[in-house]
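*Asks:* Before anything else, here's the structure in question.
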Amino acid sequence: VCCTGGRWSVFLGLEPPGTTGPRLHSRPGGPRTLPPQLGDLSQRFVSLVLDAARAGDAAEDWSQGYSLMHYPPARAVQEAVLRFTGSNLAVIREALRTDSSDADRAAAAWALGYAPDKRAVVPDLVAAMSDPAWEVRNNAIRALAVFGALARRRPELGLVIPLAAFVPLLESPSWTDRNKASVALASLTFRVPPESLAVLRPALDALVQMARWHDGPHALAGFQVLGRLAGIPDSTLFARFQAGDRESVIRAAEAR
């Protein structure tokens, strides 16, 4: 994956015998109904995200309930999909459920992150977390992570995202599932009482693995979730992470 400090990182996953991973639904067999314009926007955005990472300009603004990148070319595409989704929501939701094209469903999941009514599309995105295509799952999880940040700032919106839905993805043999699920949970579990996080304990071993990843920026999300399971304040977590003391947090989470 690219890029940490301008360098690529390689993750090698060894899947033990008997590992089943998340239960995925069957690939839809419906006709391709996604508007071609949205497919084009999605392809352009994927390319521009990599350009932004290579340029060291991958920062994002989540404050409005959807992602806007600082990198101007990528941001322009996001602003275009924001306008497009508002007037084509029904066909995008239908494509996510029924379209036989993995690329089209991935584009639809990405676009629903820009839906004007976030609460209405949460069930669509949660269902897409069980899509057979990793790109679809990736985009759905990411959209829900951004929604979680909005839910913290504006509780009056009634945005509820089920934490338990992420557990199978934390145990997935797919790196993108694990990475995105941990990032989403780092957003969704902010200032959530430890007793409310008990639904995540079945994935404790997977979170421990992620917290020990050598690539610090990618390990941080799993480390944060573990620390919150242990009831450790975020300020203490960051101090321990920066000091290289991950094991004390892991032991506290395992012992709780």
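The values are calculated or read from the model by the stated rules, or taken from the named source; none is laboratory data. This structure is a prediction, so every number in the text was calculated from the model and none was measured. Using ideal geometry, Cβ is built from the backbone for each residue, glycine included, and neighbour counts are taken over all protein chains shown. All accessible areas refer to the heavy atoms of the entire protein, side chains included, with ligands and DNA or RNA removed. Shrake-Rupley method; radii C 1.70, N 1.55, O 1.52, S 1.80 Å.
*Asks:* Which order, highest average first, do 132-140, 150-158, 214-222 follow once you tally other Cβ atoms within 10 Å for each residue and take the mean per peptide?
*Replies:* 132-140, 214-222, 150-158
*Asks:* Another one. How much accessible area per residue does the range 20-112 have, in Å², with a 1.4 Å probe?
*Replies:* Per-residue value: 51 Å².
*Asks:* Projected area of the range 131-171, taken from the Cα convex hull and averaged over every viewing direction, in nm²?
*Replies:* So the Cα hull casts an average projection of 3.1 nm².
*Asks:* With θ set to phi - 60° and the Karplus curve 6.51 cos²θ - 1.76 cosθ + 1.60, what are the ³J(HN,Hα) couplings of the range 27-41 in order, to the nearest whole Hz, using x for Gly and Pro?
*Replies:* Residue by residue, the range 27-41 yields 5, x, x, x, x, 6, 10, 5, x, x, 4, 6, x, 5, 4 Hz.
*Asks:* Right, here's the next one. Grab the DSSP H runs of the chain that are 4 residues or longer, score each as -39,500 (n - 2.57), total them, divide by all residues and round the 222 nm result to the nearest 500 deg cm²/dmol.
*Replies:* One gets -17500 deg cm²/dmol as the mean residue ellipticity at 222 nm.
*Asks:* Further question on the same structure: Need the C-alpha centroid separation for the range 98-116 versus the range 179-256, integer Å.
*Replies:* 30 Å
*Asks:* Using a simple charge model, +1 on the beta-carbon of Lys and Arg, -1 on the beta-carbon of Asp and Glu, nothing else, what dipole does the chain show about its Cα centre, in debye to the nearest 20?
*Replies:* Numbers: 28 positive and 25 negative charges, 70 e Å.
Roughly 340 debye for the chain.
*Asks:* Here is a follow-up. How large is the accessible surface per residue of the range 171-240, computed with a 1.4 Å probe and reported in Å² as a whole number?
*Replies:* Per residue, the range 171-240 has an accessible area of 40 Å².
*Asks:* What area, in nm² and to one decimal, does the C-alpha convex hull of the chain cast on average over all directions? Present the calculation step by step, with values, prior to reporting the outcome.
*Replies:* Numbers: hull surface 54.5 nm².
Seen from a random direction, the Cα hull of the chain projects 13.6 nm² on average.
*Asks:* Provide the per-residue ³J(HN,Hα) series for the range 59-66, in order, calculated from phi with Karplus coefficients 6.51, -1.76, 1.60 and θ = phi - 60°, each as a whole number of Hz, with x at glycine and proline positions.
*Replies:* Using θ = phi - 60°, the values come out as 5, 10, 10, 9, 5, 9, x, 8 Hz.
*Asks:* Using θ = phi - 60° and the Karplus form 6.51 cos²θ - 1.76 cosθ + 1.60, what ³J(HN,Hα) does each residue of the range 166-171 get, whole Hz, x for Gly and Pro?
*Replies:* Those phi angles translate into 8, 4, x, 6, 5, 9 Hz.
*Asks:* Relative to 2.2 N^0.38 Å, what does the C-alpha radius of gyration of the range 137-256 come to as a ratio? Two decimals please.
*Replies:* Working it through for the range 137-256, the quotient is 0.98.
*Asks:* Oh, and also: Could you tell me whether the range 18-70 comes out rounded, prolate or oblate from its Cα gyration tensor? Rule is a ≥ b ≥ c as square roots of the eigenvalues, rounded for a/c under 1.5, then prolate if a/b exceeds b/c, otherwise oblate.
*Replies:* Note, shape of the range 18-70 comes out oblate.
*Asks:* Heavy-atom accessible area per residue, the range 116-162, 1.4 Å probe: how many Å²?
*Replies:* Numbers: 1940 Å² over 47 residues.
Each residue of the range 116-162 exposes 41 Å² on average to a 1.4 Å probe.
*Asks:* Can you tell me the order of 236-245, 30-39, 93-102 when each peptide is scored by its average per-residue count of other Cβ atoms within 10 angstrom, highest first? If you can, show how the numbers build up before the last one.
*Replies:* Numbers: 236-245: 12.9, 30-39: 15.2, 93-102: 19.2.
Order by mean packing, descending: 93-102, 30-39, 236-245.
*Asks:* Let me ask something else. Where the accessible area of the chain is counted over protein heavy atoms with a 1.4 Å probe, how much of it, in %, is carbon and sulfur?
*Replies:* Answer for the chain: carbon and sulfur cover 55 percent of the accessible area.
*Asks:* Under 5 Å between amide hydrogens, which residues at least 5 positions from Asp61 or on another chain qualify, with H placed 1.01 Å from N in the peptide plane?
*Replies:* Leu68, Met69, His70
*Asks:* Whole number please: convex hull volume per residue, Cα atoms of the range 20-153, in Å³. Provide the component values of the computation, followed by the final result.
*Replies:* Details: hull volume 14.5 nm³, N = 134.
In the range 20-153, the Cα hull volume divided by residue count equals 108 Å³.
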